[in-house]
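See structure below.
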Amino acid sequence: MTAVACEPRPHGCRDVPVLKERGQHEVFCGLTGIIWLHRKMQDAFFLVVGSRTCAHLLQSAAGVMIFAEPRFATAILEETDLAGLADAQTELDRVVGELLERRPDIRQLFLVGSCPSEVIKLDLQRAAERLSDLYAPNVRILNFSGSGIETTFTQGEDACLASMVSVLPETRTRNLLLVGALPDVVEEQAVSLLSALGIGPIRVLPASRTTFESGVGENTLFALTQPFLGDTHAALERRKARHIPAPFPFGEEGTTAWLRAIADAFDIDDETFERVTRAPRTRACKAVAQAAEVLRNKSIFFFPDSQLEIPLARFVTRECGMRVAEVGTPFLHKGVVGPDMALIEGCPVFSEGQDVDRQLDRCRAARPDLVVCGLGLANPLEAEGFTTKWAIELVFTPIHFYEQAGDLAGLFSRPLRRFQSLNLMAAE
Amino acid sequence: MKLTVWTYEGPPHVGAMRVATGMTDLHYVLHAPQGDTYADLLFTMIERRDRRPPVTFTTFQARDLGSDTANLFKTACRDAYDRFRPQALIVGASCTAELIQDDPGGIAETMGLPVPVIPLELPSYQRKENFGADETFYQIVRTLARPVRKTPHVTVNLLGPTALGFRHRDDILEVTALLADLGVGVNVVAPMTASPADIARLGAAHFNVVLYPETAESAARWMEREFQMPYTKVVPIGVGATHDFVKEVVTLTGGKPSLDVSRLHLPWYSRSVDSNYLTGKRVFVFGDGTHAMAAARIARDEMGFDVVGLGCYNRERARAVRSMARDLGCDVLITDDYLEVERSIESLAPELILGTQMERHIGKRLGIPCAVISAPVHVQDFPARYSPQMGIEGANVIFDTWVHPLVMGLEEHLLTMFREDFEFCDEAGPSHHGVVSASRRESCAEPGVESMRPSTIEIVWRPAAEKELRKIPFFVRGKARRNTEIFAGERGLSEIDIDTLYEAKAHYAR
């Protein structure tokens with residue numbers, strides 16, 4: 001196997017026109033990110049300042065209700081808060097006091113803005129600053145918006161991480177920062193691969209605890225592990241950190257290209273790179289090949305969901321031999337996903353934003369073999385005879401890096417294998 | 001501002017969605033920000049619906065707020081009509097749109113759409129899901145129902161079933177069959193299964209059967225006033241209630257009461273000697289008002305349980321629930337605060353919880369078996385098999401469902417006799433359940449774990465007393481521990497030995 005070139009290829013899709021849609025968006029709001037962020041950051045608590053709808057979303061969004069004592073809650077705005085009968089800032093102080101008394105183990109508290117709090121212009125930044133003064137140094141209080149009027153699904157994580165960048169300490173040490181909340185097993189694999197290449201010190205954002213956080217500064221190089229971190233990317237660049245652009249580490253090719261880009265930035269020689277990556281690359285190729293058997297020459301249609309769509313389209317076309325009919329994404333940030341776009345084969349329709357009924361019409365016309373879509377659309381499409389993959393599973397499953405490459409291909413192939421293995425006609 | 005961890009009810013517009021999704025040929029245009037579309041998955045995933053809910057969300061974003069969200073609503077309304085051609089539209093706002101005051105109802109009315117447009121005013125910051133469903137159904141009925149000629153034969157409407165309801169699908173079948181035995185036909189089932197055209201002919205029925213007061217009471221009251229249609233007050237959940245329901249129906253029809261009990265097994269199963277072990281089991285009942293009250297009656301009269309706590313999360317039913325709790329002489333809890341319910345269960349230490357999916361999780365954590373009797377629903381509450389709560393088969397289903405989580409008959413005795421068997425200890429749970437909850441298994445394996453729990457009083461347990469305490473069944477152990485500590489505290493003792501434990505037992509025994 002030869003090294004993968006991640007320079008844009010002349011026939012890449014980087015500059016194809018993008019279909020921009022502005023109709024009904026069938027997507028989650030940014031609050032949904034709290035579902036995984038509150039598990040990732042073990043000393044953090046997320047307090048949504050919003051409505052009953054926000055609370056209901058949080059317990060419904062994960063598809064199942066997570067009933068371990070959650071490190072999130074909603075401060076539900078009531079009539080008195082809106083009518084100005086109660087001062088919202090005073091109320092917030094009271095609720096935060098109640099909360100921190102109940103959870104003395106909390107070291108960082110996020111005040112999370114929602115649609116209603118944005119519309120009534122409740123200043124959570126001011127609240128966070130005031131409360132930080134009150135509870136420092138025990139508890140750090142930050143704010144970000146997860147509102148549906150400003151964020152889509154994974155953008156909530158972006159807003160959260162961007163809010164953390166501003167409080168990271170300054171450092172002049174040369175270090176590598178991996179940005180994006182990853183499942184623990186995946187994060188450990190990434191760190192161990194990079195360490196084996198001789199790269200370090202390595203820090204991650206978000207860290208599992210505030211005490212493990214790193215400094216950032218002009219000698220910091222950072223790599224994104226998730227494609228939806230545009231604001232965090234900008235915030236880190238404002239702190240003078242330098243981004244290492246690369247395709248995202250999905251599949252053998254993506255992971256190799258991502259590692260290669262970092263290795264180059266740290267002047268790691270080819271021989272070391274080959275030595276460290278050869279075995280896991282071979283394993284990944286083998287695992288993908290097995291799972292991809294049923295995917296070859298099948299067509300796929302991505303509805304917009306998590307912004308993972310473009311890197312995943314690259315993975316399924318290049319490594320699984322699929323054809324992409326359309327790749328929809330809620331938000332297209334070329335500075336971040338450009339390297340992936342450049343590699344996608346067969347230039348599909350790229351669409352940004354959504355008008356769900358029109359997109360469903362396009363999907364029906366394209367008759368793809370597999371549709372990747374949100375939970376609200378999956379069963380209705382199955383009932384129309386399509387085979388679907390829930391997009392949210394791609395966010396809630398370890399799919400990054402070599403050892404998960406086969407699992408990632410498996411996520412796409414399982415619905416097709418299931419469709420083939422069921423023989424329900426007799427039963428119906 | 002209210003600090004909330006979990007909620008029993010969604011916002012009122014989700015109630016409106018349950019009505020719209022249950023109906024046919026109706027479309028709901030909801031002024032709402034992007035993200036509120038999450039509610040679609042409640043229907044497509046939890047209920048496994050094969051169609052998207054008939055709801056168009058305007059999904060406005062921040063950049064629209066400065067310009068013209070009202071126009072966005074207008075376009076969405078027009079597009080939805082053109083695409084779906086419903087017989088009627090309902091229009092309204094979610095919590096955020098309520099704040100920007102675009103008046104969806106007013107806008108839609110001026111658009112000259114060729115079908116009835118029903119505006120909904122659902123105060124998101126005051127009310128909740130059940131109110132939203134009840135109010136929406138009421139507004140639909142008020143707008144569309146017309147005085148019509150009565151059907152020649154006696155018919156009724158079944159009111160209240162909605163999408164995402166707890167066993168509504170099967171209750172409709174069961175009650176329809178039960179009424180057929182009484183010679184009563186069904187005119188319309190609504191909201192679920194009804195189209196706006198069906199709503200228009202509700203008045204053809206002779207009276208209304210309200211299956212779920214939570215979602216249909218306002219509409220039933222309005223029809224009583226406007227069309228002189230009486231409605232039934234008894235909800236036929238349980239054997240006694242089903243008999244009462246039949247009596248109530250025949251008072252309205254003038255017919256003879258008849259109920260085919262050949263398939264009814266609950267009374268005999270409950271009488272049979274193996275059910276002796278159910279006697280006086282302490283149960284805690286919590287759910288929506290209607291299901292909780294029905295469950296409490298069954299628990300006491302038909303299962304021989306001892307109801308130690310009764311509560312509901314919908315304040316609309318608070319009065320009735322309180323009065324029933326007074327009759328039962330048990331604790332009452334009217335709250336939508338999950339943590340309060342958990343505290344209450346912990347302190348009452350029941351042997352069985354009859355609750356919602358939320359209480360199921362409380363039960364898991366506390367090691368108390370739980371059967372689900374009410375919404376909020378979970379994908380498990382939509383079983384593939386026929387599984388009603390109402391009528392004869394409903395009673396059978398309830399018997400099985402409630403007994404299933406319990407350790408049965410002789411097994412319970414054996415567990416009590418040989419408590420120290422390492423494989424067969426009471427904390428392993430009923431043997432017909434393969435899975436042992438983690439908390440139980442831990443305490444099974446490590447005898448010390450119980451004593452690590454911080455006690456509220458500074459009293460030391462002697463090891464022998466601690467060991468003896470562990471011989472008490474786990475579901476009352478917490479209570480025994482607390483009582484013994486209080487007993488010792490009152491007597492100024494700083495240590496608890498075996499004698500103290502048994503003296504306290506004798507003291508609290510009645």
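The values are calculated or read from the model by the stated rules, or taken from the named source; none is laboratory data. Everything quoted here is computed from the prediction, not taken from an experiment. In this analysis, Cβ positions are derived from the backbone assuming ideal geometry, glycine residues included, and neighbour counts consider all displayed protein chains. For accessibility, only protein heavy atoms count, side chains too; no ligands or nucleic acids. Shrake-Rupley method; radii C 1.70, N 1.55, O 1.52, S 1.80 Å.
Among the residues of the stretch A:339-385, those identified as within 14 Å of another protein chain (Cβ to nearest Cβ), part of a loop (DSSP other than H, G, I, E, B) and surrounded by fewer than 16 Cβ atoms within 10 Å (Cβ to Cβ) are A:GLU384, A:GLY385. Candidates are the residues of the stretch B:56-70 that are facing chain A (nearest Cβ under 8 Å) and of a type in the set (Ser, Thr, Tyr); the one that is nearest to A:SER114 (Cα to Cα) is B:THR59.
Residues that are outside any helix (DSSP H, G or I) and of a type in the set (Gly, Ala, Ser) were ranked within the stretch A:95-135; the one that is nearest to the other protein chains (Cβ to nearest Cβ) is A:SER114.
Rundown of residues vs (1) over 17 Å from the mean Cα position of the chain (by Cα); (2) among the hydroxyl-bearing types (Ser, Thr, Tyr); (3) modelled with pLDDT of 95 or more, yes/no style:
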| site | (1), (2), (3) |
| --- | --- |
| B:GLU121 | yes, no, yes |
| B:ALA133 | no, no, yes |
| B:TYR138 | yes, yes, yes |
| B:ARG149 | yes, no, yes |
| B:ASN157 | yes, no, yes |
| B:GLY160 | no, no, yes |
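When the criteria are applied in full, A:ARG275 meets the requirement of being open to solvent by 20 Å² or more (accessible area, probe 1.4 Å) and without any contact (Cβ under 8 Å) to a residue 12 or more places away in the chain.
Per this entry, B:ALA375 is counted among residues that are buried (at least 23 other Cβ atoms within 10 Å of the Cβ) and not polar (S, T, N, Q). Of the residues making up the stretch A:40-60, just one is more than 8 Å from chain B (Cβ to nearest Cβ), among the aliphatic types (A, V, I, L, M) and in a helix (DSSP H, G or I), namely A:LEU58. A single member of A:LEU37, A:LEU92 is more than 10 Å from every other protein chain (Cβ to nearest Cβ), in contact with a helix residue (DSSP H, G or I) (Cβ under 7 Å, 6 or more places away or on another chain), assigned to a helix (DSSP H, G or I) and at negative phi, and it is A:LEU37.
Take the conditions (1) out of contact with any Gly (no Cβ under 9 Å at 6 or more places or on another chain); (2) crowded, with 22+ Cβ neighbours inside 10 Å; B:GLN126 misses just one of them, which is (2). From the list A:ARG281, A:ARG314, A:ARG318, the one residue that fits, being in contact with a Pro (Cβ under 8 Å, 6 or more places away or on another chain) and surrounded by 19 or more Cβ atoms within 10 Å (Cβ to Cβ), is A:ARG314. Among the residues of the stretch B:56-68, how many are assigned to a loop (DSSP other than H, G, I, E, B), of a type outside the set (D, E, K, R) and on the phi < 0 side of the Ramachandran plot? The total comes to 3. In the stretch B:15-55, the qualifying residues are those that are facing another protein chain (nearest Cβ under 7 Å) and part of a helix (DSSP H, G or I), and the one that is most open to solvent (accessible area, probe 1.4 Å) is B:MET45.
The C-beta contact set for the stretch B:326-340 (first residue of a type outside the set (Val, Ile, Thr), second residue assigned to a loop (DSSP other than H, G, I, E, B), distance under 7 angstrom, 6+ apart or interchain) comprises B:ASP336/B:THR7; B:ASP336/B:TYR8; B:ASP336/B:GLU9; B:ASP336/B:TYR313; B:TYR338/B:VAL5; B:TYR338/B:TRP6; B:LEU339/B:VAL5. Quick one: in the stretch A:66-89, which of the residues that are farther than 30 Å from A:PHE396 by Cα and out of contact with any Leu (no Cβ under 9 Å at 6 or more places or on another chain) is nearest to the other protein chains (Cβ to nearest Cβ)? Top of the filtered list is A:GLU78. Starting from residues that are in a helix (DSSP H, G or I) and touching a helix residue (DSSP H, G or I) at 6+ places or on another chain (Cβ under 7 Å), keep the ones in the stretch B:183-209 and report whichever is farthest from B:ALA133 (Cα to Cα). In this case the residue turns out to be B:GLY203.
Of all residue pairs spaced 6 or more apart or on separate chains, those with beta-carbon atoms under 6 Å, a first member in the stretch A:235-259 that is outside the structural domain of A:VAL337 (by TED's automatic domain parsing) and a second member that is modelled with pLDDT of 95 or more and among the hydroxyl-bearing types (Ser, Thr, Tyr) are A:ALA241/A:THR220; A:PRO249/A:THR255; A:THR255/A:TYR402.
A:ALA292 passes every criterion in (1) open to solvent by less than 10 Å² (accessible area, probe 1.4 Å); (2) closer than 30 Å to A:GLY217 by Cβ; (3) in contact with a Ser or Thr (Cβ under 9 Å, 6 or more places away or on another chain); (4) outside the structural domain of A:GLU187 (by TED's automatic domain parsing) apart from (2). Just the residues that are under 16 Å from the mean Cα position of the chain (by Cα), more than 22 Å from B:GLN357 (Cβ to Cβ) and either outside the structural domain of B:ILE373 (by TED's automatic domain parsing) or not aliphatic (A, V, I, L, M) (or both), please, taken from the stretch B:307-338. Hits for the stretch B:307-338: nothing passes. All conditions but one from (1) within 13 Å of chain A (Cβ to nearest Cβ); (2) within 13 Å of the chain's Cα centre (by Cα); (3) modelled with pLDDT of 90 or more apply to B:CYS370; the one that does not is (2). For the stretch A:146-155, the criterion of being of a type outside the set (D, E, K, R) and in a helix (DSSP H, G or I) is met by at least one residue. Criterion applied to B:LEU159, B:LEU178, B:LEU202, B:LEU164 was being hydrophobic (A, V, I, L, M, F, W, C), surrounded by 21 or more Cβ atoms within 10 Å (Cβ to Cβ), on the phi > 0 side of the Ramachandran plot and not assigned by TED's automatic domain parsing to the domain that holds B:ARG297, and the one residue passing it is B:LEU164. Of the residues that make up the stretch B:104-116, is at least one within 12 Å of chain A (Cβ to nearest Cβ) and polar (S, T, N, Q)? The answer is no; no qualifying residue exists.
This table checks each residue for (1) farther than 30 Å from B:LEU182 by Cα; (2) free of Cβ contacts under 8 Å to residues at least 40 places away in the same chain; (3) crowded, with 24+ Cβ neighbours inside 10 Å.
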residue	(1), (2), (3)
B:SER262	no, yes, no
B:ARG271	no, yes, no
B:PHE284	yes, no, yes
B:ALA292	no, no, yes
B:ARG297	no, no, no
B:GLU302	no, no, no
B:CYS312	yes, yes, yes
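For A:ALA241, the test of being aliphatic (A, V, I, L, M), crowded, with 19+ Cβ neighbours inside 10 Å and modelled with pLDDT under 95 is failed. Pairs only if they're at least six apart or on different chains, beta carbon under 7 angstrom, first in the stretch A:196-208 and open to solvent by less than 40 Å² (accessible area, probe 1.4 Å) and of a type in the set (Asp, Glu), second at pLDDT below 95 and in a helix (DSSP H, G or I); list them, first residue then second. Hits for this filter: zero, empty list.
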